[in-house]
Structure formats: structure tokens, C-alpha cells
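Participant: Shown below is the structure under consideration.
The values are calculated or read from the model by the stated rules, or taken from the named source; none is laboratory data. As the structure is a prediction and not an experimental result, all values here were calculated from the model. Methodologically, a virtual Cβ is constructed for each residue, glycine included, from the backbone with ideal geometry; neighbour enumeration extends over all protein chains shown. In case anyone asks, the SASA skips ligands and DNA or RNA and just uses the protein heavy atoms, side chains included. Shrake-Rupley method; radii C 1.70, N 1.55, O 1.52, S 1.80 Å.
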Amino acid sequence: MTAFAPLKEATVSYAPTPPPVMQAPSQPRNGLGTAGFVLGLVGLIFAFIPLIGIVAWPLTILGLIFGVIGLQRANRGQSTNKGMAIAAIALSAIGLVICIIWTAAFGKAVNDTANSLPTPAAPPVVADTAAAPEAAPANAAPAEAESAKHTIVLEVTTAAKSNVQWSSGFTTNSQEVLDKGKTWSQTLTMDDLAFTSVTVTPVNFDLNSKDNTCKIIVDGKTVVEQSNSVGALCTYQP
């Protein structure tokens, strides 16, 4: 009989299983949504302030961009402040609309002001009334004014050497010096009537001198006329 050697018990070794690695949860990316809300809020506040409101333009534009990006992150689950991102978009959009309205209103005001500024239709006319009184213009207003425009004529007659200064609307002219016995006139045409004034004062005051005279004629009608030896002042308020 054949003898069999006894079987040895096999030994199996097992490597220990490592514990599962716990990954830390990612932090929500709320920065742009929050920044957009702050920029939109500040921009909206500044948008209501005239002149200073110009700084609201970049604030509201950046706030709108950041708010849109923040909303996209919230929709992808990368951030948790979806409500703040929506508020950033709303505030920034309202502020931007107000900025656009201010800009349009300011542009219209500048355009209207430019159109209403008086434009001299002719250079000042100076006539020697002492040498030839009949040469003085009785009425320098044009015989027929354009249908859509107004005509203002300023007239000054000096009894002594005098200073003449006039203004109309936003236009201010430097003074002119006229000799004794001169008649000066200036014709203005404008779309809208504006506040107009003309003054004539003697260079050397003399109690015995005759009166200087100023006159304002609007669309062919004399609206004010003053005479004084100290200083004549004529003003017209439409």
C-alpha cells in the first residue's frame, strides 16, 4: 500500500482594506452673486443723483454681469445665493434704465438750449445821430420775420461817451464804448424768446449831460424803453 503524506493546512493572508476617504464638500461659489447685488444696489442709489449719477453707469453694468454669472452658478448647483443673484440683476437693470433716461433727458436739454440761443442776424450798427439825425434807424426790426423765429432788436442812443453792454439767454457780450451822439443797434433772431437786457452808462458822469436812451423791440413791437443820465437799463422777460 502506498502511504500518503498528510496534507498541510494552507495559510491565506488577507491585506487590510483601507477605510474610505471622505471628501470635504466644496464651498459654494457665492462671490459674484453677492458682489453683483452690492454693485447693483449702490449703482441704483447713485443713479437718482443728478451729475454724480454718472458713476452709476459702471456700477450697474458690472452688477448686471455679476448677477447673471451668479444666477448661472446657482442653476448649476455651484452656489447657494440664487435669490441674491436675481436681486442683483433686478437692481442693476433698474439703475441702468434710470441712467439711460437721465442721459436722454440731459441730451435733449442741451439740444433745446443750443437751439434757443440767440444768433446775431447782423453786426451792431452805429450811426452818428448828432451829425445826421435822420440816419438813425427808426426801427431796426426786419420788415418780415421768418415764421418760426423771433426777432429782438436792441437800440442805444448816447448823449455822452458811454459804455454799452447787452446779454440774451446764455450769451453775454463784452462792453462796447460809444462816443457822444451815437446810436447803436443789435438784431437777434431766436427760436424761443429768452431773457434779454441792455445797459448804457456814461464813462464820465455829468449832472448836466442829457439822458442816454435804451430800447428793446420784440417782433417789431417796443416792449421797454428807458432814459437816464446816470445809466439806462432795459430788460425783457418773455
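Participant: Within segment 216-238, how many residues are within 13 Å of GLN165 (Cα to Cα), open to solvent by 20 Å² or more (accessible area, probe 1.4 Å) and assigned to a strand (DSSP E or B)?
Facilitator: Residues meeting the conditions: 2.
Participant: Pairs, please: C-beta under 8 Å, at least 6 apart or cross-chain, first residue of a type in the set (Gly, Ala, Ser) and in segment 211-226, second assigned to a strand (DSSP E or B) and open to solvent by less than 30 Å² (accessible area, probe 1.4 Å)?
Facilitator: GLY220/THR151
Participant: In segment 47-58, what count of residues is obtained for those that are open to solvent by 40 Å² or more (accessible area, probe 1.4 Å) and either of a type in the set (Val, Ile, Thr) or in contact with a Cys (Cβ under 9 Å, 6 or more places away or on another chain) (or both)?
Facilitator: 5
Participant: Select from segment 77-108 the residues that are at pLDDT 90 or above and charged (D, E, K, R) and list them in ascending order.
Facilitator: Within segment 77-108, LYS82 is the sole residue that qualifies.
Participant: I'm checking my understanding of the structure. Among residues of segment 59-96 that are in contact with a Lys or Arg (Cβ under 6 Å, 6 or more places away or on another chain) and not in a helix (DSSP H, G or I), which one is most open to solvent (accessible area, probe 1.4 Å)?
Facilitator: The residue in question is GLN78.
Participant: Still on this structure, please answer the following. Just one of the numbered conditions (1) out of contact with any Leu (no Cβ under 8 Å at 6 or more places or on another chain); (2) at pLDDT 80 or above; (3) open to solvent by less than 20 Å² (accessible area, probe 1.4 Å) is not true of ALA127; which one?
Facilitator: Evaluating ALA127 over (1) out of contact with any Leu (no Cβ under 8 Å at 6 or more places or on another chain); (2) at pLDDT 80 or above; (3) open to solvent by less than 20 Å² (accessible area, probe 1.4 Å) leaves (2) as the failure.
Participant: Any chance segment 168-191 includes a residue that's modelled with pLDDT of 80 or more, open to solvent by 80 Å² or more (accessible area, probe 1.4 Å) and under 30 Å from ALA109 (Cβ atoms)?
Facilitator: Taking every residue of segment 168-191 in turn, none turns out to be modelled with pLDDT of 80 or more, open to solvent by 80 Å² or more (accessible area, probe 1.4 Å) and under 30 Å from ALA109 (Cβ atoms).
Participant: Filter segment 192-204 for residues that are among the hydroxyl-bearing types (Ser, Thr, Tyr) and open to solvent by less than 30 Å² (accessible area, probe 1.4 Å) and give the result.
Facilitator: Across segment 192-204, the qualifying residues are THR196, SER197.
Participant: (1) in a strand (DSSP E or B); (2) surrounded by fewer than 21 Cβ atoms within 10 Å (Cβ to Cβ); (3) modelled with pLDDT under 85: which one isn't true of LEU207, the others all being true?
Facilitator: Among (1) in a strand (DSSP E or B); (2) surrounded by fewer than 21 Cβ atoms within 10 Å (Cβ to Cβ); (3) modelled with pLDDT under 85, LEU207 violates only (1).
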